[in-house]
Every structure is written in structure tokens, then in C-alpha cells.
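The structure appears below as C-alpha cells.
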Amino acid sequence: MADAHIDVSIEHRQAPAPAADERSHPNTCPRCGSHYRDDELDLHLRVCPHCGHHFPVRARLRIAQLTDPGTFEEEAEDVRSGDPLSFFDLRPYTERLAEAEMRTGMGEAIVIGRAALDEHDVELAVMDFSFMGGSMGSAVGEKLVRACESAIEREVPLVTVTSSGGARMQEGILSLMQLPKTVCAVEDMRDARVPMLVVMTHPTTAGVLASFASLGDVIVAEPGALIAFTGPRVVQQTTREKLPDDFGLAEQNLRFGHLDAILPRVEIRPYLSRVLRLFAGAERG
């Protein structure tokens, strides 16, 4: 008698994969799959209350989270990128800039201005990854320099929040020149004994990391933020070596001494407030 063929099916007890439209929804947590309304996420500073995943935060919302209500006054709002190379890939660079401005409501990938943080006067420079990946072109570099100059003139600390994919290739060498330009501006602040506090968020990479972002007097980061010159996939392909699971993340940077602290988003404002009190006390002393 021939052996009977028996099909055996095994049921895996795990949650079904979310549908494509659910995965793409901006308020779906990529770590645990929880869904939220906008007001629910805003109540928790856009951090998943179940697993602690930190959702991206737009620049103006970040400013509202950090500053005293009604104190922010934007500066250099009219600074825009030019098109010095008449750059064209699949579309003209000018068209990409116009699309980014229409989509985000921002003129560039950074917002600067004066504000108060727990009644401490500060200058702010907050990057926004949603504007062309937070890339740094001539306008971003110019606005960061103006923020440094304003901080020096007013003798107040500069608080920067970074989120960037690096230099903006559409502007060629002019984009790369923003690295030394911003470094010199931070050095001028140091000569004037004006402190700079840096909050690194996901991702802070390439030219921004290699220039002003790494020069803060105090540098903190959000949990799990990628902080590296380039991402682990590119490094692994180049070196052909197995990388640590936390390669380039904030946690690895803290171990190597590149950061002063890793802070959940809810703790960033109180931490900055304490640091500002320390700087203010040192000046009085």
C-alpha cells in the first residue's frame, strides 16, 4: 500500500502584517504597528507611548515644543537657494525647490529666529528633514551663519536641532563650501564666549555632522537617531565587514564619547533649561 501524502499546515501565532496603506500612514508606528490620530501623537510629543519610537518632527512643531509660547520671532525668512549650476537631473532643480516649498510651507530646510526657553533668551536654528532631506545648500549655510551672528550680537546661547542627509548635490562645490563656512561661524561664537547647544535627531549625517553639528558645547541626541557620516548599508558594502547592530546610532556614539547624553524627547526641554541656567550662572559668576 502506498504511503498516503498528508499536507500539514502550521499556524504561526503572530499578528498579521499590516496592509500597505496602513504601513504607509504617517501615524503608524513602524516599530510596533500602533495607529494614532494627530492629536494623540501631539499629546506625547510625537513619541509612540507603547514602544517609545520617536516619530519625525517638523521644524515649526519642534520650535513649539522647545520654546515658551508666543516668543519665537523668525529671522532670515526670505533667504532662498539659487540655481548656480542650472542643475537638471530628471527635473530642474528650481522645480524641486518649488515643490519642496509648496509641500512643506517652508522656504528652506532650516528655520532660524529668536525665542525664549523657560524664560532664557536663545537663538534657534532648527532643521527640517522633510525639505529635500534636510540637505545643506547655500541658503541653509547662510541662515545658520546668520543665527550664529545674531547669537553673538545678542550675547545669547544658540540652540540647534539637526536633521539632515548632508550637502545638497544640486549646488555642487558651493554646497560643500558651507562646511567650512559654518565651522568658522561657530568658531566666532567660541571666540565671543557664546555657547552652542546641539540636539541631534534622526538622521544627522554627512556634511552637517562633519561641520557645525559636532561642534556644540553640549551635544545630546534622541534615542535611536542615526548619527554617522554615512549609513551602515553603504559602509558595509564598502568594507565588506559585518557591522555592529547599533552602528552609527546615538547609543554607539554615546559609548564612544561623541555625545553628552541621549534623551527621550520629553526630557530635552528640561535638560536644555538646566544647561542654560548653568551657563547663565557662569556668566554672572
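The values are calculated or read from the model by the stated rules, or taken from the named source; none is laboratory data. Because the structure is predicted, anything quoted here is derived from the model rather than measured. Every residue, glycine as well, gets a Cβ built from its backbone with ideal geometry; the counts of neighbours run over all protein chains shown. Remember, those area values only see protein heavy atoms, side chains included, never the ligands or the DNA or RNA. Shrake-Rupley method; radii C 1.70, N 1.55, O 1.52, S 1.80 Å.
Miscellaneous remarks
- Residue tally, condition among the charged types (D, E, K, R) and under 17 Å from Tyr93 (Cα atoms), over segment 167-201: 2
- Complete set of residues in segment 214-232 that are out of contact with any Leu (no Cβ under 9 Å at 6 or more places or on another chain) and open to solvent by 30 Å² or more (accessible area, probe 1.4 Å): Ser214, Leu215, Thr230
- For segment 58-99, residues that are of a type in the set (Lys, Arg), open to solvent by less than 80 Å² (accessible area, probe 1.4 Å) and not in a helix (DSSP H, G or I) total 1.
- Residue within segment 114-136 that is on the phi > 0 side of the Ramachandran plot, touching a helix residue (DSSP H, G or I) at 6+ places or on another chain (Cβ under 8 Å) and among the charged types (D, E, K, R) present: yes
- Screening segment 100-110 for residues that are in a helix (DSSP H, G or I) and out of contact with any Gly (no Cβ under 9 Å at 6 or more places or on another chain) and picking the one that is surrounded by the fewest Cβ atoms within 10 Å (Cβ to Cβ) gives Met102.
- Flag if Leu41 is modelled with pLDDT under 95, open to solvent by less than 40 Å² (accessible area, probe 1.4 Å) and of a type in the set (A, V, I, L, M): yes
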